[in-house]
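See below for the structure under consideration.
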Amino acid sequence: MPQGLTFGEWLHDLEDIQTYQPIAFDNHTRPMNNIVPQGAKVFHLEQGLEQIVPWLDEVTGDTSGPRSTGETNTTNSSSMPQGQKQGWLTGLLSRAASRTKWSSGR
């Protein structure tokens, strides 16, 4: 905010600023629906993470790997396959990244 400008004045001018500079303030004041790409799959944390597993299965065409979103117990992980020693999300995302060629539309 420029020195000498009140918060109310800045807020009033914000819409005009974003009209000419859409990424003003490093997108911190930009509505999120302007940032998320059209067609992106959005997961809401408050609705739980269980939907991630079937989505990754669909994207990768593979149903191997962790089947739940519970944290992996790393205290007894020596008998687990290498890919399952990681946290569940890291493992799922690694699986997706290694088997999927991401297009610019995703």
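Before moving on, here are some points about what is shown:
- Local electrostatic count at Thr29 - Lys and Arg +1, Asp and Glu -1, tallied over other residues with Cβ under 13 Å: -3
- Highest mean packing first, where packing is the average number of other Cβ atoms within 10 Å per residue, the peptides 61-69, 39-47, 4-12 line up as 61-69, 4-12, 39-47.
Only the coordinates and a few stated rules stand behind these numbers; no lab work does. On a predicted model such as this, the values are computed, not experimentally measured, just so you know. Here the Cβ is made from the backbone with ideal geometry for all residues, glycine too, and neighbour counts use every protein chain on show.
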